[in-house]
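These notes concern the structure reproduced below.
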Amino acid sequence: MGETKSFFTYKKNELYCEAIPVRQIADAAGTPVYIYSSRQIADNFAAFHRALGSYPHLICYSVKANSNLAVLRLLARRNAGFDVVSGGELFRVLQAGGKASRTVFSGVGKTASEIDYALRSGILMFNCESESELRLLSERAHRLRKGARVGLRVNPQVSAETHPYIATGLKEHKFGLEMPVAEELYERAQQWPGIRLVGLSCHIGSQIQNLSPFAEAMGKLISMAQRLRKKKLAVEYLDAGGGLAAPYRPEDSPPSIQAFAKQALDSVRGTGLKLLLEPGRSIVGTAGILLTRVVHTKSTGRKKFVIVDAAMNDLLRPSLYGAYHEVRPVVCSQRETITADLVGPVCESADFFAQNRELPPAEAGDLLAIFTAGAYGFVLSSNYNSRPRPPEVLVEGRRWRLARRRETLRDLVRGEKK
């Protein structure tokens, strides 16, 4: 990520996370297992804060990227803000010691009960994405005699040039309001009870590799804010979203955190707008790996397969997006690499981590590390094929601890009745 170093390194041909050999974690916690570097998370967050300097800002970590309580607590202790998209994520933030007063609630489908929970908690702001949602928020706030600060999420008609599943800034996407509609609603809703419109929000998508669309979207929102101010309407906040890419391939060179922040500052400087950013992947993506053990190897005559104990239910991104994750050995050897598919035991042909990839030489019992798995890894996991979900481990220098225990077979049927 440019100015932040990696805390996953090889020492004497063996993979370490900070000062811990990951093989030691595998021996104690079993595999598959997610391993997170606390130093990497803290450094990435600090890089955002440092790059934004003295300009009025709040970095709202995007909880959907990785919602483990230990990760949230690490960030809360550094006075992070949070961006949530459900009542459950808000609950996690509060359980981890995060402040509701530094939390923004986004998302297109907030229910009445989620809105009530957020109002009672006293969150900083709701990012509303439709007139229907804004009316519901007004009704709930008025009924509970709570005041709600609101930012309208604008769909700026800017393409993030990313995978269609994680693009959010065009007319065909479900997110936000078209700019003319948002501008008219901002003015019309001024007198609605229970709410106070205080800002504008946008988020054009994830895995942004090019800062030009980001700058274009911010420019459109700032122009809108200036038009609203000319009508004597208050606009205090500009929420520019997140979406900065993480490097998944060795050759990837996404914009640095510093460049992303500089672009945001260049856009807002002189406007008097308080800046909100919602990074997620760029804080935790490179801070995590999924450690897995080879179970079998197999050849059909036409193809080789390396079968591991992790599966698509543990890390869905390759199956869902065709996403690339680098695969490295935990202990390097002198054996030649092989070309094979890296697959799991789930009964789906889509259960793969790599296809026709040059892979480390692998035999049953070998450990492999799937990199850049700290974001959208465990949070997308499931119990498909009745597979217990893996543990999560947080490394803190020379110590490591379980941040989530491995699920048991009894966990699979908890809540069910015969």
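The values are calculated or read from the model by the stated rules, or taken from the named source; none is laboratory data. These numbers come from a predicted model, not from an experiment. Cβ sites come from the backbone with ideal geometry, for glycine too, and all protein chains shown count toward neighbours. Surface accessibility is based on the protein's heavy atoms, side chains included, excluding ligands, DNA and RNA. Shrake-Rupley method; radii C 1.70, N 1.55, O 1.52, S 1.80 Å.
Just the number please: accessible area per residue for the range 191-266, 1.4 Å probe, all protein chains included, in Å². Spell out each step's value before the answer.
Working: 3020 Å² over 76 residues.
Per residue, the range 191-266 has an accessible area of 40 Å².
Once amide H atoms are built 1.01 Å from N in the peptide plane, which residues 5 or more positions from residue 304, or in another chain, come under 5 Å H to H?
For residue 304, whose amide H was placed from the backbone, the distant partners under 5 Å are 341.
Can you work out ³J(HN,Hα) from phi for every residue in the range 402-408, in order, using Karplus 6.51 cos²θ - 1.76 cosθ + 1.60 and θ = phi - 60°, giving whole Hz and x for Gly and Pro?
3J(HN,Hα) across the range 402-408, in whole Hz: 6, 9, 7, 6, 5, 5, 9.
Residues with amide H under 5 Å of residue 125's amide H, sequence separation 5 or more or different chain, H placed in the peptide plane at 1.01 Å from N; which?
Under 5 Å from the amide H of residue 125: 103, 105.
Report, in degrees rounded to the nearest 10, the 0 to 90 angle that the Cα long axis of helix 179-188 makes with the longest principal axis of the chain.
50 degrees
Please list, short to long, the whole-number percent of alpha-carbon pairs of the chain in consecutive 20 angstrom bins beginning at zero.
Going out from 0 Å in 20 Å bins, the chain shows 26, 53, 20, 1 percent.
Between residue 131 and residue 113, how many nm apart are label points set 7 Å from Cα along the C-beta direction?
For the pair residue 131/residue 113, the computed spacing is 2.9 nm.
Determine the shape class of the range 341-399: with a ≥ b ≥ c the square roots of the Cα gyration tensor eigenvalues, call it rounded for a/c under 1.5, and otherwise prolate if a/b is greater than b/c, oblate otherwise. Before the final figure, lay out each step's value.
Working: a/c = 1.83, a/b = 1.17, b/c = 1.56.
The shape class here is oblate.
Taking amide H positions as placed 1.01 Å from N in the peptide plane, with prolines and chain starts having none, which residues 5 or more places from residue 16, or on another chain, fall under 5 Å of its amide H?
Sorted by chain and number, the residues that satisfy this are 9, 10, 11, 22.
Would you kindly derive the ³J(HN,Hα) couplings of the range 93-99 from the backbone phi angles with the Karplus curve 6.51 cos²θ - 1.76 cosθ + 1.60 (θ = phi - 60°), listing them in order in whole Hz, with x for Gly and Pro?
4, 5, 5, 7, x, x, 9
Between residue 298 and residue 265, what is the label-to-label distance in nm when each label sits 7 Å out along the Cα-to-Cβ direction?
Rounded to a tenth, the inter-label distance reads 5.4 nm.
Kirkwood Rh over alpha-carbon pairs of the range 285-418, then Stokes-Einstein at 20 °C and 1.002 mPa s: what D in µm² s⁻¹, rounded to an integer?
Details: Rh = 15.8 Å.
After rounding, the answer is 136 µm²/s.
Can you work out the FRET efficiency for the pair residue 28 and residue 229, with r the C-beta to C-beta distance and R0 = 56 Å, to the nearest 0.05? Display every interim value, and only then the final one.
Details: r = 58 Å, r/R0 = 1.04.
Approximately 0.45, to the nearest 0.05.
What does the charge add up to near residue 231, with Lys and Arg as +1, Asp and Glu as -1, over the other residues with Cβ less than 12 Å from its Cβ?
Working: positive: 188, 227, 229, 230, 232; negative: 183, 184, 187.
With Lys, Arg at +1 and Asp, Glu at -1, the net is +2.
Of 268, 180, 138, which is farthest along the charge dipole of the chain in the positive direction, counting Lys and Arg as +1 and Asp and Glu as -1 at C-beta?
Of the options given, the answer is 138.
Given a 1.4 angstrom probe, I'd like the percentage of the accessible area of the chain that is carbon and sulfur, rounded to a whole number.
Details: 8800 of 18310 Å².
So the carbon and sulfur contribution to the accessible surface is 48 percent.
So which of 99/146; 232/262; 231/262; 64/110; 12/303 end up more than 23 Å apart by C-alpha?
Details: 99/146 18 Å; 232/262 29 Å; 231/262 30 Å; 64/110 15 Å; 12/303 33 Å.
Over 23 Å apart, Cα to Cα: 232/262; 231/262; 12/303.
May I ask you to work out the translational diffusion coefficient for the range 5-75 at 10 °C, viscosity 1.306 mPa s, via Stokes-Einstein with Rh from the Kirkwood sum over Cα pairs, reported in whole µm²/s? List each step's numbers first, then the result.
On the way: Rh = 14.2 Å.
Value of D from the Cα-based Kirkwood radius: 112 µm²/s.
Work out how much length residue 321 to residue 253 would gain on full extension: take 0.36 nm times their residue separation and subtract the Cα-Cα distance, in nm to one decimal.
Details: separation 68, 0.36 × 68 = 24.48 nm, distance 2.00 nm.
Gain on extension, residue 321 to residue 253, equals 22.5 nm.
Please compute the length gained on full extension between residue 328 and residue 55, using 0.36 nm multiplied by the number of residues separating them and subtracting their Cα-Cα distance.
Working: separation 273, 0.36 × 273 = 98.28 nm, distance 4.05 nm.
Taking residue 328 through residue 55 to full extension adds about 94.2 nm, to one decimal.
Step by step: find N for the range 1-159, compute 2.2 N^0.38 Å, then divide the Cα radius of gyration by it. What's the final number? Could the numbers behind the result be given before it?
Values: Rg = 19.2 Å, N = 159, 2.2 N^0.38 = 15.1 Å.
Normalised Cα radius of gyration, the range 1-159: 1.27.
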